[in-house]
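The values are calculated or read from the model by the stated rules, or taken from the named source; none is laboratory data. In this text the structure is predicted, and so the values were computed from the model without any measurement. Cβ placement follows ideal geometry from the backbone for every residue including glycine, while neighbour counts extend to all protein chains displayed. What goes into the accessible areas is simple: the full protein's heavy atoms, side chains included, and nothing from ligands, DNA or RNA. Shrake-Rupley method; radii C 1.70, N 1.55, O 1.52, S 1.80 Å.
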Amino acid sequence: MARPVADREEVAVADPVLELRDASLSYGSRTLWSGLDLQVRPGELVAVLGGNGTGKTSLLRAVLGLQQLSAGTMQVAGHAPRRGDASIGYVPQQRRIDSHTPLRVRDLVRQGLDGHRWGIGRPGRVRWDRVDAALAQVGASAYADMPLSLLSGGEQQRARVAQALVGDPSLLLCDEPLLSLDQSSQRTVTELVDRRRREHGTAVLFVTHEINPVLPYVDRVLYLAGGRFRIGTVDEVLNSEALSALYGTRVEVLRHGDQVLVAGAPHHVEHHAAPCVHEDEDVAR
Amino acid sequence: MSDVWGQLFDFRDYGALLPLVANSLLAGAVLGLVGGMVSSIVMMRDLPFAVHGISELSFAGATGALLIGAGVVAGALAGSVVAALLIGVLGASARSRSSIVGVLMPFGLGLGILFLSLYDGRAANKFGLLIGQIVSVDDPQLTAMLVSGAVVAVGMLVLWRPLVFASTDPEVAAARGVPVRALSIAFMVLLGLAVAISVQTIGALLVLSIICTPAAAAFRVSANPRVVVALSSAFGFTAMVGGILLATGSRLPITPYVTTLSFAIFVVCAGVGAWRQRHGWSRARALAPSSRVAEPATT
């Protein structure tokens, strides 16, 4: 990589796939976050937590080159962020795909490879071998030729993971990929993401409201709240002291085995706690 | 009864009549093929109502041109492209699109009726723009229609992959660098061109039978995007050319023949689709769970 390595620490480990230095993002006078330093290394899974409007999605948009930082610098796989970066895979949240979507599972996955290219694509030159490999990676080979609309939400989401992986990305951005999935599908999707990063060294930025499904796999947490943030391991960030300091008010973090419940966070992030409560209910059932 | 039948289907002197409809057949064939392509995207983007709105403004443009003595083709094109752009720019979300179409449609139809009432030319032309012509396409018209058709076809082929991506999954397409918004506007222009051609053959009120029904039928029987587009174009072609061939000889507009053929194709496809849901796709689905349970292997 052409970029000079700044500090000694970085020499020891692999170059970060994603690196933000003193980065800020604001809309007009409203600052979502500022002074953000974040390095995500190959194979690392960083969960991005925080309420609505704290700038989680804007962070992803900035990485995707769809949004300019208002200050600071960012490097994605060694270069400045740019639109249509092939080194990034993107997993969106699950949405119902209706019967007016004439795509089979393999067509959705193929879009991750050449959906952005002009023209119709010469039939003989479609890389179906890569599509098949991506489908195999997520265990979706059996329904490769099924219409997407006939699949369950969990199966559709599995196809979306394959779509994100088919381009062999070095950075995977997951934007609330677990939303409106049942628990077993949530587990499947997180396991697929975890396997990918361990087997291929893909760095992962995992934006989620619900920390619990990803908790066992998270290396570090980036917690955004009210223009401020906190980065660290789960233990460093998800404790009462750290979050109380972040929110500037008393926040209670309850940990019970593999489950985390954040209680008392200010109103605008209350929905963060809510899914965790559901989670607990599900466990109790 | 046999009298009605005789009016509907009359193949006397068919050989002599056929050369007279050669222009219409050519225009119909192009419209059928192009309309089939366009309607696939119309279905993916949920635009049938917008198509209807565009065709009413195209009707207003065509009748306005008729009134001031400009070319009907140019008027139809101007009206529909303006309408398509308005809907594309103002109607980004489904809700705002529906409301802008709802506002534009009666306005366009009203304007068209005003222009028609003021115009005192041939009666055949008058209602032809609304409900379809008794086959008559002159040479300059044909040229204009063929050129527009070619522009739409080439445009669709060039935009195809990113357009399908942006139509089926705008969020991910944007993340992959696809210019979602620009594509949406570009497609509206192509759609406007296609609607303008349709208005002049099957009439403003019935454009949907060529720019909606063929793809709706194709979507019932396949989820393979290539198959869907091929079928949709084949259905559009069959309805248009078949309709014109059946109408030749009778003194009726081609419209009912085209719409009936188009609808019949849809009914057959809906039946096949229902059967396939039950027997074809679901069997493939039944095979899936065993492998699903086994995956992912590492856990």
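Do the sum for the protein assembly as shown: with -39,500 (n - 2.57) for every DSSP H run of n ≥ 4, divided by all residues, what is the mean residue ellipticity at 222 nm, to the nearest 500 deg cm²/dmol? Mind dumping the intermediate values first?
Numbers: 23 runs with 325 residues, N = 584.
Value at 222 nm, helices only, nearest 500: -18000 deg cm²/dmol.
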Exercise. Quick one: plug the Kirkwood hydrodynamic radius of region B:20-208 (C-alpha pairs) into Stokes-Einstein at 20 °C, 1.002 mPa s, and report D in µm²/s.
Key: 130
Quiz item: So if R0 is 25 Å, what FRET efficiency would A:His200 and A:Asp145 give, r being the distance between their Cβ atoms, rounded to the nearest 0.05?
Solution: 0.45
Practice problem: Take peptide A:180-188, look around each residue's Cβ out to 10 angstrom, count Cβ atoms belonging to other protein chains, and average those counts. | Solution: 1
Quiz item: Pairing the Cα long axis of helix A:105-114 with the longest principal axis of chain A, what angle in degrees results, from 0 to 90 and rounded to the nearest 10?
Solution: 80
Quiz prompt | Simple label model, 7 Å out from Cα along Cβ direction - A:Ala245 to B:Ala230, nm | solution = 6.5
Quiz item: Dipole of the protein assembly as shown (Lys/Arg Cβ +1, Asp/Glu Cβ -1, origin at the Cα centre): which of B:Leu159, B:Phe127, B:Ser39 lies farthest to the positive side?
Solution: B:Phe127
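So what is the accessible area of chain A per residue, in Å², with the probe set to 1.4 Å?
Result: 42 Å² of accessible area for each residue.
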Quiz prompt | Scattering curve values for region B:1-77, log₁₀ I(q)/I(0), Debye with Cα scatterers, q = 0.11 Å⁻¹ | solution = -0.53
Exercise. Specify the residue with the greatest mean-square fluctuation among B:Gly32, B:Gly273, B:Gly108, computed from a Gaussian network of chain B linking alpha-carbon atoms under 10 Å apart.
Key: B:Gly273
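Can you work out the FRET efficiency for the pair A:Ala80 and A:Ser26, with r the C-beta to C-beta distance and R0 = 22 Å, to the nearest 0.05? Please report the intermediate quantities before stating the final value.
Working: r = 19 Å, r/R0 = 0.88.
That pair, A:Ala80 with A:Ser26, gives E of 0.70.
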Quiz item: What are the extents of the Cα atoms of the protein assembly as shown along their three principal axes, listed from largest to smallest and rounded to whole Å?
Solution: 90, 54, 49
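For A:Asp219 and A:Gln259, compute 0.36 nm times the residue count separating them, minus their Cα-Cα distance, and round to one decimal in nm. Numbers along the way, then the final one.
On the way: separation 40, 0.36 × 40 = 14.40 nm, distance 1.59 nm.
Length gained between A:Asp219 and A:Gln259: 12.8 nm.
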Quiz prompt | C-alpha long axis of helix A:128-137 to longest principal axis of chain A, angle in ° | solution = 40
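Antiparallel as a % of all DSSP beta bridges within the protein assembly as shown, to the nearest 5? Spell out each step's value before the answer.
Values: 24 of 44 bridges.
In the protein assembly as shown, approximately 55 percent of DSSP beta bridges are antiparallel ones.
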Quiz item: About the Cα centre of the protein assembly as shown, what is the dipole size in debye to 20, counting +1 per Lys and Arg Cβ and -1 per Asp and Glu Cβ, all else neutral?
Solution: 1040
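Which of rounded, prolate, oblate describes chain A, given a ≥ b ≥ c as roots of the alpha-carbon gyration tensor eigenvalues and a/c under 1.5 marking rounded, otherwise prolate only if a/b is larger than b/c? Mind showing how you got there, number by number?
Details: a/c = 1.84, a/b = 1.26, b/c = 1.46.
Here chain A falls in the oblate category.
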Quiz item: When DSSP beta bridges are limited to those with both residues in region A:99-235, what percentage is antiparallel, rounded to the nearest 5?
Solution: 55
Exercise. Kindly identify residues of region A:91-118 having a loss of at least 30 Å² in accessible area between the isolated chain and the assembly of all protein chains, probe radius 1.4 Å.
Key: A:Arg95, A:His100, A:Pro102, A:Leu103, A:Arg104, A:Gln111, A:Gly115, A:His116, A:Trp118
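Quick one: pull the percent of accessible area on chain A belonging to carbon and sulfur, 1.4 Å probe, ligands and nucleic acids left out. Present the calculation step by step, with values, prior to reporting the outcome.
Numbers: 5800 of 11870 Å².
Carbon plus sulfur share of accessible area: 49 percent.
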Exercise. Determine the per residue accessible area of region B:20-208 with all protein chains present and a 1.4 angstrom probe, expressed in square angstrom.
Key: 36
Self-check item: Label-to-label distance, nm, for residues given as B:Thr143 and A:Glu236 (7 Å Cα→Cβ offset)
Solution: 7.5
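Just tell me how shielded B:221-231 is by partners: mean number of partner chain Cβ atoms within 10 Å of each residue's Cβ, no decimals.
On the way: counts 0, 3, 13, 7, 8, 5, 2, 2, 2, 0, 1.
The per-residue average across the peptide is 4.
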Practice problem: With everything on Cα atoms, drop me the angle between helix B:22-44 and the longest principal axis of chain B, reported from 0 to 90° to the nearest 10. | Solution: 30
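Leaving out ligands, DNA and RNA, calculate the buried accessible area for the pair B and A with a 1.4 Å probe, summed over both sides, in Å² to the nearest 100. Let's see the in-between values first.
Working: alone 14560 and 13800 Å², together 24460 Å².
Summing both sides, the interface buries roughly 3900 Å².
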Practice problem: Give the residue from A:His256, A:Gly153, A:Thr101 lying farthest towards the positive end of the charge dipole for chain A; charges sit on Cβ (+1 for Lys and Arg, -1 for Asp and Glu) and the dipole is referred to the Cα centre. | Solution: A:Thr101
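Quick one: pull the percent of accessible area on chain B belonging to carbon and sulfur, 1.4 Å probe, ligands and nucleic acids left out. Provide the component values of the computation, followed by the final result.
On the way: 8920 of 12590 Å².
About 71 percent, which is the carbon plus sulfur part of the accessible surface.
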Self-check item: Relative contact order (percent, whole number), chain A, Cα cutoff 8 Å, 6+ residue spacing
Solution: 22
Quiz item: When you take every Cα atom in region A:169-255, what is the radius of gyration, and what is Dmax, the widest Cα pair distance, in Å?
Solution: 14.0, 41
Quiz prompt | Given chain B, longest segment not containing exposed loop trypsin sites (Lys or Arg not before Pro) (DSSP; at most 13 other Cβ within 10 Å) | solution = B:123-250
Exercise. Set the Förster radius R0 to 30 Å, insert the Cβ-Cβ distance between A:Glu252 and A:Ser184 as r into 1/(1 + (r/R0)^6), and round the FRET efficiency to 0.05.
Key: 0.55
